[in-house]
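Trainee: The structure follows.
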Amino acid sequence: MKKTKKTAIRKSIPLYVLLLPSAVLLFCFAYLPLGGLVIAFKDYSPALGIMNSPWVGMKNFLQFFRSYQFPITIKNTLILSLYGLAVGTPLPVALALMCNQMKTKMFKKVFQVITYLPHFISTMVMCGIILIILSPSNGLIANIIRLFGHEAPNLMGNASAFKHIYVWSDIWQHLGWNSIIYLAALSSIDPTYYEAATIDGASTIQKMKYIDLPLIMPTIVVLLVMSAGNILGIGFEKVFLLQNTLNITSSEIISTYVYKMGLQSSQYSLSTAIGLFNTIVNFAVLLVINYIAKKTTEASLF
């Protein structure tokens, strides 16, 4: 047995060598920085350094919990995350089911390419497009509304409209790309199931309901668990680029608040504490959702 393991390791040496640069980069950029988390429990000063800065224990966490921004940032982050999860989970599945039922291969390929393309637009360009389209002075929507004799509203200045703009623009951009994994799962279904259903007189909707959905449900559950594990991890770039003084009551989330506290206000210890709190909550939610999924559907991430 030992000789077999040694032989297998010896044969795999070229693969280990190829893996080594990636492992070194992962260690340097993902694990070494974890030592800096100690800043969250200190009153960090760049002049004193991490080791010499005085310990303050849970002071930075308590400062965040007691601040007026705590309920605002948590609420806004949860709203954007849960809204995006509720809309962004079923729509890619529906798109994949629809594409899977297309019979004309040429039309199917063209349709898929059209839905995939927005995914490759950079976040900055996407935000620029949103701001131009929603501009109350010369935007596309403003010009259409003026054709009917009405004045266009300033949607980007409306705090209540921010969540809808953020989520639905995100859905439009990534809908096609997110459906790829479901299409891959659908392509692995045994065609004899469809043949048997056709013989029994099943309609297209019935095939989707009784064949497609049950067989790709494990994939849906696993992706849902992964998304739920990042429930407080809303991306920083898009929210920050769409944020302004008029909609900040709805657009201030944990990641933008960490940026402002850490880089703009130089409160490094506080921003580190907030980021650590965010990570711990995400990890706890991941464990809970994974446990529930495992008990209810027998499909889980681990």
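The values are calculated or read from the model by the stated rules, or taken from the named source; none is laboratory data. Being a predicted model, the structure only gives us computed values, none of them experimental. Every residue, glycine as well, gets a Cβ built from its backbone with ideal geometry; the counts of neighbours run over all protein chains shown. Keep in mind that these areas ignore ligands, DNA and RNA; they rest on the heavy atoms of the full protein, side chains included. Shrake-Rupley method; radii C 1.70, N 1.55, O 1.52, S 1.80 Å.
Trainee: Quick one: order His174, His150 from most to least accessible surface, probe 1.4 Å.
Mentor: Putting His174, His150 in descending order of accessible area: His150, His174.
Trainee: Where does segment 163-302 land on Rg(C-alpha)/(2.2 N^0.38 Å)?
Mentor: 1.44
Trainee: Order Met58, Met208, most accessible first, counting only protein heavy atoms with a 1.4 angstrom probe.
Mentor: Result of the area sort, largest leading: Met58, Met208.
Trainee: On the full set of protein chains, 1.4 Å probe, figure out the accessible area of Ile129 and give it in Å² to the nearest 10.
Mentor: Probe radius 1.4 Å; accessible area of Ile129 about 60 Å².
Trainee: Estimate the FRET efficiency between Met98 and Ala197 by the formula 1/(1 + (r/R0)^6), using the beta-carbon distance for r and 25 Å for R0, to the nearest 0.05.
Mentor: Rounded to the nearest 0.05, the efficiency is 0.90.
Trainee: Accessible area, 1.4 Å probe, largest first: how do Ser188, Ser45 sort?
Mentor: The most accessible residue leads, giving Ser188, Ser45.
Trainee: Right, something else. Can you give me the solvent accessible area of Thr296 with a 1.4 Å probe, rounded to the nearest 10 Å²?
Mentor: Thr296 has an accessible surface of roughly 100 Å² with all protein chains in place.
Trainee: Which loop chymotrypsin sites (Phe, Trp or Tyr not before Pro) in segment 118-214, with loop taken from DSSP, have no more than 12 other Cβ atoms within 10 angstrom of their Cβ?
Mentor: Phe148
Trainee: Considering only protein heavy atoms and a probe of 1.4 Å, how much of the accessible area of segment 100-225 is carbon and sulfur, as a whole percent?
Mentor: So the carbon and sulfur contribution to the accessible surface is 69 percent.
Trainee: Right, here's the next one. Identify the trypsin sites (Lys or Arg not before Pro) of segment 21-79 meeting these criteria: DSSP loop state and at most 10 other C-beta atoms within 10 Å of the C-beta.
Mentor: none
Trainee: Could you give the length gained by full extension between Leu82 and Ser137, i.e. 0.36 nm per residue of separation minus their alpha carbon distance, to one decimal place?
Mentor: Extra length available between Leu82 and Ser137 comes to 16.6 nm.
Trainee: Related question: How large is the dipole of segment 17-125 about the Cα centre if only Lys and Arg carry +1 and Asp and Glu carry -1, each at its Cβ, rounded to the nearest 20 debye?
Mentor: Computed charge dipole of segment 17-125: roughly 440 debye.
Trainee: Next up: Mind checking which helices in the chain clear 30 Å along their axis (Cα) and have mean Kyte-Doolittle hydropathy of 1.0 or more, DSSP H runs only?
Mentor: 268-297
Trainee: To continue, here is another question. With n ≥ 4 as the cut-off for DSSP H runs, can you work out [θ] at 222 nm for the chain, using -39500 (n - 2.57) per run divided by the number of residues, rounded to the nearest 500?
Mentor: -20000 deg cm²/dmol
Trainee: Ok, one more. At a probe radius of 1.4 Å, what is the per-residue accessible area of Val285, in Å² to the nearest 10?
Mentor: Near enough 40 Å² of accessible area.
Trainee: Please give the direction-averaged projected area of the C-alpha convex hull for segment 138-208, in square nanometres with one decimal.
Mentor: Directional mean of the projected Cα hull area for segment 138-208 stands at 8.4 nm².
Trainee: Please name which of Leu131, Thr115, Ala47 has its Cα lying farthest along the dipole of the chain towards the positive end, using unit charges on Cβ (Lys, Arg +1; Asp, Glu -1) and the Cα centre as origin.
Mentor: Projecting each Cα onto the dipole axis, the largest value belongs to Ala47.
Trainee: Could you compute the longest span of the chain free of GluC sites (Glu not before Pro) located in DSSP loops and having at most 11 other Cβ atoms within 10 Å, not counting the site residues?
Mentor: Within the chain, the longest run free of exposed GluC sites (Glu not before Pro) spans 1-150.
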